[in-house]
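Notes follow the structure.
The values are calculated or read from the model by the stated rules, or taken from the named source; none is laboratory data. Bear in mind that the values here come from a model prediction, so they are computed numbers and not experimental data. Cβ placement follows ideal geometry from the backbone for every residue including glycine, while neighbour counts extend to all protein chains displayed.
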Amino acid sequence: MRVTVFGAGAIGGYVAAKLGITGAVDLSIVARGAHLDAIRDSGLRLIEAGKETSTQVRAAAQAEELGVQDYVVLALKAHSLAPALDQIAPLLGPNTAVVTMQNGVPWWYFYKCGETLEGTRIDAVDPGGMIWRGIGPERVIGSVVYPAVEVEAPGLIRHVEGTRFSLGEPSGEKSDRVIRLAAELVKAGLQSPVRDDIRSEIWVKLWGNLSFNPISALTGSTLATIVGDDATRALARTMMLEARAIGESLGVRFPVSVDRRIKGAGDVGEHKTSMLQDLERGRPLEIDALVTAVQELGRLTGHSTPTIDIVLALVRRLARERGCYS
């Protein structure tokens, strides 16, 4: 089984390190800069449960060095995907499966969804349908990513918590390709349940990202602080209720209540969301996949999103002023 991880940052590096340690797949990664140099020189290193391990991984700056793959794991952030299409193309053959590990509403959402919006492109995450055409939704295996990991230094990944990578075909089918991939992830020590409704799981994670991420960026607050304050907790709750109405109109099943989801976020403690961390570091923010796309889905389904609209306008303004959104 030939597997390439495209984008070997925190999540991609963690997946590659776990797969590489087992040695059960023909593994490659596409990386760049100091990270690539460190992996080539010293291997891909992982700190997990206080122990450091290292594995030699085939690392390339350009995908054309690697050839056609059986699986391509896309571990880029959503806004980096369209600009990388030409680089990804050499990895794709007629039977290549593409595993999407982006947060937020995925570009393939309306592929084999069984709804009246079948085949609809979501402009917020796929302007002009570039990704739909460039990758092809028929290649997709959806994924919901839960681990907290970070790049501690070039070539060095630190695992903080969590090992679950839920997988699912857009059609809900338990296909051979998704079962084979899940088995390899399990061999590598990761949890990899195969879902027959990956969209509902995407929404449960999106629920928190949609609300807590922009609120944290606007206020500089941690999850515990947002949940502990009556006003910001109420703001997050209202955004989540607006999103739930949209999701349910698309057939999504929410297995937990809004209040339970909020409590779960608060229980994480004094944690800065990824959007706040990116803002502090001057990196592009995942606004469109997490917030703009939900607003767009609201328009498509006839649901108003007044609170989401206000928060989106504010976080866009802030991010533009900081050079983190264009």
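Is there a residue being without any contact (Cβ under 8 Å) to a residue 40 or more places away in the chain and of a type in the set (Ser, Thr, Tyr) anywhere in the stretch 260-281? No, the stretch 260-281 contains no residue that is without any contact (Cβ under 8 Å) to a residue 40 or more places away in the chain and of a type in the set (Ser, Thr, Tyr). When ALA38, ALA59 are checked against the criterion of being surrounded by 18 or more Cβ atoms within 10 Å (Cβ to Cβ) and not in a helix (DSSP H, G or I), a single residue qualifies: ALA59. Scanning the stretch 279-324 for residues that are of a type in the set (Ser, Thr, Tyr) and under 23 Å from SER221 (Cα atoms) yields THR292, THR307.
Are any of the residues in the stretch 21-29 in a helix (DSSP H, G or I), more than 18 Å from SER80 (Cβ to Cβ) and not acidic (Asp, Glu)? Give the steps one after another, and end with the answer.
As a first pass, look at the stretch 21-29 and keep what is in a helix (DSSP H, G or I): 21-22.
If we keep only those that are more than 18 Å from SER80 (Cβ to Cβ) too, we end up with 21-22.
Next, from what is left, pick out any that are not acidic (Asp, Glu): 21-22.
Yes, some residue in the stretch 21-29 is in a helix (DSSP H, G or I), more than 18 Å from SER80 (Cβ to Cβ) and not acidic (Asp, Glu).
Evaluation of ILE246 against the conditions (1) closer than 21 Å to ARG121 by Cα; (2) surrounded by fewer than 16 Cβ atoms within 10 Å (Cβ to Cβ); (3) within 22 Å of the chain's Cα centre (by Cα) shows that the sole unmet condition is (2). When the stretch 1-20 is limited to residues that are of a type outside the set (Val, Ile, Thr) and not in a helix (DSSP H, G or I), the one that is modelled with the lowest pLDDT turns out to be ALA8. The single condition among (1) in contact (Cβ under 8 Å) with a residue 24 or more places away in the chain; (2) surrounded by fewer than 23 Cβ atoms within 10 Å (Cβ to Cβ); (3) among the β-branched types (Val, Ile, Thr) that VAL186 does not meet is (1).
Within the stretch 262-292, track down each residue that is modelled with pLDDT of 95 or more and in contact with a Phe, Trp or Tyr (Cβ under 7 Å, 6 or more places away or on another chain). Answer for the stretch 262-292, where residues must be modelled with pLDDT of 95 or more and in contact with a Phe, Trp or Tyr (Cβ under 7 Å, 6 or more places away or on another chain): PRO284, LEU285, ILE287. Of all residues in the stretch 259-284 being buried (at least 18 other Cβ atoms within 10 Å of the Cβ) and of a type in the set (A, V, I, L, M), which is nearest to ALA224 (Cα to Cα)? The selected residue is ALA265.
Out of ASP37, ASP26, ASP41, ASP86, report the one residue that is of a type in the set (Asp, Glu), under 23 Å from the mean Cα position of the chain (by Cα) and more than 16 Å from PRO137 (Cβ to Cβ). Don't jump to the end; show me each part of the working.
Numbers: ASP37 fails: under 23 Å from the mean Cα position of the chain (by Cα); ASP26 fails: under 23 Å from the mean Cα position of the chain (by Cα); ASP41 fails: under 23 Å from the mean Cα position of the chain (by Cα).
From the options ASP37, ASP26, ASP41, ASP86, the qualifying one is ASP86.
The single residue among VAL68, VAL72 that is buried (at least 18 other Cβ atoms within 10 Å of the Cβ), closer than 28 Å to VAL125 by Cα and in contact (Cβ under 8 Å) with a residue 40 or more places away in the chain turns out to be VAL72.
Of everything in the stretch 288-326, what is of a type in the set (Asp, Glu) and buried (at least 21 other Cβ atoms within 10 Å of the Cβ)? Give them in sequence order.
Restricting attention to the stretch 288-326, the residues satisfying the condition of being of a type in the set (Asp, Glu) are 288, 296, 309, 321.
ASP288, the sole residue that qualifies.
Among the residues examined, ARG195 qualifies as crowded, with 18+ Cβ neighbours inside 10 Å and either over 17 Å from ALA78 (Cβ atoms) or in contact with a strand residue (DSSP E or B) (Cβ under 8 Å, 6 or more places away or on another chain) (or both).
Okay, residues lined up against (1) among the charged types (D, E, K, R); (2) in the same structural domain as TRP207 (by TED's automatic domain parsing); (3) closer than 15 Å to LEU300 by Cα:
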{"position": "PRO106", "(1), (2), (3)": "no, no, no"}
{"position": "GLY119", "(1), (2), (3)": "no, no, yes"}
{"position": "ASP123", "(1), (2), (3)": "yes, no, yes"}
{"position": "GLY129", "(1), (2), (3)": "no, no, no"}
{"position": "TRP132", "(1), (2), (3)": "no, no, no"}
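Could you tell me whether the stretch 282-298 includes any residue that is free of Cβ contacts under 8 Å to residues at least 12 places away in the same chain and assigned to a helix (DSSP H, G or I)? No.
Is it true that some residue in the stretch 240-256 is without any contact (Cβ under 8 Å) to a residue 24 or more places away in the chain and out of contact with any strand residue (DSSP E or B) (no Cβ under 8 Å at 6 or more places or on another chain)? Taking every residue of the stretch 240-256 in turn, at least one turns out to be without any contact (Cβ under 8 Å) to a residue 24 or more places away in the chain and out of contact with any strand residue (DSSP E or B) (no Cβ under 8 Å at 6 or more places or on another chain).
Of all the criteria given as (1) free of Cβ contacts under 8 Å to residues at least 60 places away in the same chain; (2) farther than 21 Å from LYS18 by Cβ; (3) of a type in the set (Lys, Arg); (4) in contact with a Phe, Trp or Tyr (Cβ under 8 Å, 6 or more places away or on another chain), the one not satisfied by ARG164 is (2).
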